[in-house]
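Heads up, the thing below is written out as structure tokens.
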Amino acid sequence: MSSYTAPLKDMRFVLNELAGMGDVAKLPGYQEATSDTVDAILEEASKFASQVLDPLNYSGDKEGSVWKDGAVATPKGFRDAYKQYADGGWPALPFEAKLGGQGLPKLVATAVEEMLTSANMSFSLCPLLTQGAVHALELAGTAALKTTYLEKMVAGRWTGTMNLTEPQAGSDLALVRTRAVPQGDHYLISGQKIFITYGEHDMAENIVHLVLARTPDAPEGVKGISLFVVPKFLPRADGTPGERNRAKCASIEHKLGIHASPTAVMVFEDAVGYLVGEVNKGLSYMFIMMNAARFGVGMQGVAIAERAFQRALAYAKERLQGKDLVQGGKTVPIIRHPDVRRMLMLMKSQTEAARALAYVIAAAMDTASRTKDAGEAKRLQAFVDLMIPVVKGWSTEMGIEVASLGVQVHGGMGFIEETGAAQHLRDARITTIYEGTTGIQAGDLLGRKIAREGGVTVKGWLEVLKGLDQALAKSSDEDIQVVRQRLAAGAQAVSECVDYVLGAAGKDPNAAFAGAVPFLMLMGIVAGGWQMARAALIAERKLQKKEDDAAFLAAKIKTARFFADHVLAQAPGLSATVVQGSSSVMSLTDEQFLAA
Ligand SMILES: Cc1cc2nc3c(=O)[nH]c(=O)nc-3n(C[C@H](O)[C@H](O)[C@H](O)COP(=O)(O)OP(=O)(O)OC[C@H]3O[C@@H](n4cnc5c(N)ncnc54)[C@H](O)[C@@H]3O)c2cc1C
């Protein structure tokens, strides 16, 4: 079975050339992120991912986490790997020095996260949720909560969870019923939460649950939801874990993928909880956590696609079947067949496009949070907000497609567990569901991020694409000219959809939202195409200057051309679906779905 190798060459190209690592490092507080330091971090993370986490991926899937009497044992090797992860300082990477963090940009942490997730998605979920919990506490917690919890979480000694979902409250958190009754300096929390990732496990000293609940006199709906910290063990005065809280794991789920990641049913029976921020503002704090987590789940799409691609490529080079269409003769490795090539190119080009887009957004997050220019911060934050549902929704849908192609490249062996290709598809399948389904992301994109602001930010981005078009026009490269045409058609398709949505949203919301997911996919492929076009131009310039690694640079241009012909080419069709396809979506009565 092939093992994971971090795609460091592409990561460095994207970090430095597309995401502007050099500029990010100049932002206040990021002086530690020198190019030597970033290089060393990438090398070390790649070793940790491939030597420690990757070997546990397949065994972790087979063994799974096991529940017994309220406790959860993670698969063999996970505890030790987590200890190495914490001892290595990895959890501290993106946090400020005052919390014990390393103060590195989100951009660098994103590349590290990609490697850990490619190597072992189940493992990486625990740090992902902990980071989100740290962000929420940092922003909204009292000084006392911060002192008690943050340093331990940043050090990785305590992990965090996100307790939103209840049996009747999934996408619709207005339906949350868990109660929080004030009692002295704390609250007593009662209720049931389901599907809680790493809600119980054996890798850390304590688990810090962030729980959404309602106080007794809270208004109905989302305006009556508050956020509480509910630790597994109540911290003693000296900060060490003390008495067991009444927050119990009743069971864990048997599920399609990510078997090593425990998905817990949590029961709170008068558990001690501490309010985070103000009463009834819980959902807005949770959104901070969710935005970081949504971006992180988008990265899971990229990471799993990369891993599936590597496995398929290794197999395609080994598996002998059929003859070369041109040369005939001996049986050849399947990588010589055009259709297998097409699949591999779809895998490679979409993974690279989604990586580039996500890293560029990570850099925009860094700049938005650190720049001293208030106007730039506002503009960039609006751009990040626009693109987070795209990174989440498109990259994860792409991850599933790529993992499925990975199975296809393996033929029958892809369907057999021992090659590992099937695991990637099973693991990838959850990414379009948790942290808001693709439908929810698409609704957010169309409603909150476009219609509500009259399309200002998306139109600003279309202007950026026009600027790029002018730069592309100057290239004499034939492939780049095709990329230019396809990207222009893609931008036109987005523009038509935006006009349609802005017109329809107020008058006929069903018509506007019927095409929300096709629109999100269109945004993804055009945004991915934007980055591939930029990459191709940069590669052309570097080739002209005879810089090193001509093979990589030439491949970048060809990969951009493939992406344009095979992926961006779908843009006009998607636009037709969004603009013309809405009436048929709602055209049957509920009963007509059942007509025999
Ligand atoms: C393995 C796993 C791990 C998870 N981890 C966590 C966790 O750590 N913490 C946590 O709190 N939750 C977690 N979840 C829960 C997850 O976030 C929810 O499953 C998800 O938000 C969807 O909610 P639901 O399952 O109730 O589906 P539903 O909300 O019932 O959705 C069903 C379908 O209806 C669609 N739909 C629903 N409402 C709308 C709407 N308004 N517009 C358009 N379409 C809509 C959805 O897109 C979906 O296709 C996890 C789930 C799983 C399976």
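The values are calculated or read from the model by the stated rules, or taken from the named source; none is laboratory data. Note that the structure is a prediction, hence the values are computed from the model and not measured. Heads up, the Cβs are rebuilt from the backbone with ideal geometry, glycines too, and the neighbour counts pull from every protein chain shown. Note: accessible area is taken over every heavy atom of the protein model, side chains too, but ligands, DNA and RNA are not part of it. Shrake-Rupley method; radii C 1.70, N 1.55, O 1.52, S 1.80 Å.
I need the full set of residues from the stretch 174-202 which are within 9 Å of the ligand (Cβ to nearest atom) and either over 19 Å from residue 255 (Cα atoms) or not polar (S, T, N, Q) (or both), in order please. Residues satisfying the conditions are 193, 194, 195, 196, 198, 199.
Which members of the stretch 248-261 meet the condition of being of a type outside the set (Ser, Thr, Tyr) and out of contact with any Asp or Glu (no Cβ under 8 Å at 6 or more places or on another chain)? Give the steps one after another, and end with the answer.
Initially, the stretch 248-261 is screened for residues of a type outside the set (Ser, Thr, Tyr), giving 248-250, 252-260.
250, 253, 254, 255, 256 - these are the residues of the stretch 248-261 that are of a type outside the set (Ser, Thr, Tyr) and out of contact with any Asp or Glu (no Cβ under 8 Å at 6 or more places or on another chain).
Can you find, within the stretch 1-27, the residue that is nearest to residue 534 (Cα to Cα) among those that are open to solvent by 50 Å² or more (accessible area, probe 1.4 Å) and not in a helix (DSSP H, G or I)?
First pass over the stretch 1-27, keeping only residues open to solvent by 50 Å² or more (accessible area, probe 1.4 Å): 1, 3, 5, 9, 12, 16-17, 23, 26.
Now restrict to residues that are not in a helix (DSSP H, G or I): 1, 3, 5, 26.
Values: 1: 35, 3: 31, 5: 25, 26: 22 Å.
Among those that are open to solvent by 50 Å² or more (accessible area, probe 1.4 Å) and not in a helix (DSSP H, G or I), it is 26.
The rows are residues; the columns are (1) in contact with a helix residue (DSSP H, G or I) (Cβ under 8 Å, 6 or more places away or on another chain); (2) over 23 Å from residue 170 (Cα atoms); (3) open to solvent by less than 10 Å² (accessible area, probe 1.4 Å); (4) aromatic (Phe, Trp, Tyr).
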| position | (1), (2), (3), (4) |
| --- | --- |
| 191 | no, no, no, no |
| 204 | yes, yes, no, no |
| 209 | no, no, yes, no |
| 216 | no, no, no, no |
| 219 | no, no, no, no |
| 240 | no, yes, no, no |
| 244 | no, yes, no, no |
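Within the stretch 181-202, restricting attention to residues that are more than 20 Å from residue 222 (Cβ to Cβ) and charged (D, E, K, R), the residue that is modelled with the lowest pLDDT is 185. Taking the stretch 493-526 only, how many residues are charged (D, E, K, R), within 12 Å of residue 446 (Cα to Cα) and not in a helix (DSSP H, G or I)? Selection size over the stretch 493-526: 0. Taking into account only those residues within the stretch 249-264 that are in a strand (DSSP E or B) and surrounded by 18 or more Cβ atoms within 10 Å (Cβ to Cβ), which is farthest from the ligand (Cβ to nearest atom)? Going through the qualifying residues, I end up with 249. Restricting 178, 161 to those that are modelled with pLDDT of 95 or more, within 30 Å of residue 81 (Cα to Cα), open to solvent by less than 40 Å² (accessible area, probe 1.4 Å) and not acidic (Asp, Glu) reduces the list to 161.
So if I check each of 326, 340, which one is assigned to a loop (DSSP other than H, G, I, E, B) and more than 18 Å from residue 23 (Cα to Cα)?
On the way: 340 fails: assigned to a loop (DSSP other than H, G, I, E, B).
Of 326, 340, the one residue that is assigned to a loop (DSSP other than H, G, I, E, B) and more than 18 Å from residue 23 (Cα to Cα) is 326.
Would you confirm whether or not the stretch 301-319 contains a residue that is over 25 Å from residue 10 (Cβ atoms) and not basic (Lys, Arg)? Don't jump to the end; show me each part of the working.
Let us first name the residues in the stretch 301-319 that are over 25 Å from residue 10 (Cβ atoms), namely none.
There is no residue in the stretch 301-319 that is over 25 Å from residue 10 (Cβ atoms) and not basic (Lys, Arg).
Contact map, the stretch 432-447: residues that are within 16 Å of residue 162 (Cβ to Cβ) paired with residues that are within 8 Å of the ligand (Cβ to nearest atom) and of a type in the set (S, T, N, Q), Cβ distance under 6 Å, separation 6+ or inter-chain. Pairs shown: 440/171.
Of the residues screened, residue 554 is not one that is over 16 Å from residue 455 (Cβ atoms) and in contact with a Ser or Thr (Cβ under 7 Å, 6 or more places away or on another chain). The residues listed here are 341, 311, 319; of these, the one that is in contact (Cβ under 8 Å) with a residue 60 or more places away in the chain, more than 30 Å from residue 160 (Cβ to Cβ) and open to solvent by 50 Å² or more (accessible area, probe 1.4 Å) is 319.
Tally up the residues in the stretch 174-206 that are under 20 Å from residue 435 (Cα atoms) and of a type in the set (A, V, I, L, M), please. Please lay out each step first, then the result.
Just the residues of the stretch 174-206 that are under 20 Å from residue 435 (Cα atoms), to begin with: 174-178, 192-200.
With the extra rule that they be of a type in the set (A, V, I, L, M), the set shrinks to 174-176, 194, 196.
Going through the stretch 174-206 one residue at a time, the tally reaches 5.
Somewhere in the stretch 485-507, is a residue within 12 Å of the ligand (Cβ to nearest atom), without any contact (Cβ under 8 Å) to a residue 40 or more places away in the chain and of a type in the set (A, V, I, L, M)? So that I can check it myself, show each step before the final result.
Taking the stretch 485-507 first, the residues within 12 Å of the ligand (Cβ to nearest atom) are none.
Looking through the stretch 485-507, none of the residues is within 12 Å of the ligand (Cβ to nearest atom), without any contact (Cβ under 8 Å) to a residue 40 or more places away in the chain and of a type in the set (A, V, I, L, M).
Considering every residue within the stretch 561-572, establish whether at least one is in contact with a Leu (Cβ under 7 Å, 6 or more places away or on another chain), open to solvent by 50 Å² or more (accessible area, probe 1.4 Å) and farther than 23 Å from residue 454 by Cα. Checked against the condition, which is being in contact with a Leu (Cβ under 7 Å, 6 or more places away or on another chain), open to solvent by 50 Å² or more (accessible area, probe 1.4 Å) and farther than 23 Å from residue 454 by Cα, the stretch 561-572 yields at least one hit.
Can you tell me how many residues within the stretch 436-453 are closer than 10 Å to residue 520 by Cβ and of a type outside the set (S, T, N, Q)? Counting residues in the stretch 436-453 that are closer than 10 Å to residue 520 by Cβ and of a type outside the set (S, T, N, Q) gives 6.
Only residues that are modelled with pLDDT of 95 or more and more than 16 Å from the ligand (Cβ to nearest atom): list them for the stretch 203-222, please. Can you show your working first?
Of the residues in the stretch 203-222, the ones modelled with pLDDT of 95 or more are 203-216, 218-219.
Within the stretch 203-222, 205, 206, 215, 216, 218, 219 qualify.
Within the stretch 351-364, the only residue that satisfies the criterion of being open to solvent by 10 Å² or more (accessible area, probe 1.4 Å) and either under 11 Å from residue 306 (Cα atoms) or touching a strand residue (DSSP E or B) at 6+ places or on another chain (Cβ under 6 Å) (or both) is 352.
Among the candidates 161, 148, which residue alone is closer than 18 Å to residue 65 by Cβ, of a type outside the set (Lys, Arg) and touching a residue at least 24 places away in the same chain (Cβ under 8 Å)? It would help to see each step written out before you state the result.
On the way: 148 fails: closer than 18 Å to residue 65 by Cβ.
Exactly one of 161, 148 is closer than 18 Å to residue 65 by Cβ, of a type outside the set (Lys, Arg) and touching a residue at least 24 places away in the same chain (Cβ under 8 Å), namely 161.
Scan the stretch 424-466 residue by residue and report those that are among the polar types (S, T, N, Q) and more than 15 Å from the ligand (Cβ to nearest atom). Across the stretch 424-466, the qualifying residue is only 457. Every test in (1) in contact with a helix residue (DSSP H, G or I) (Cβ under 8 Å, 6 or more places away or on another chain); (2) open to solvent by 20 Å² or more (accessible area, probe 1.4 Å); (3) not in a loop (DSSP other than H, G, I, E, B) is passed by residue 551 save one, and that test is (1).
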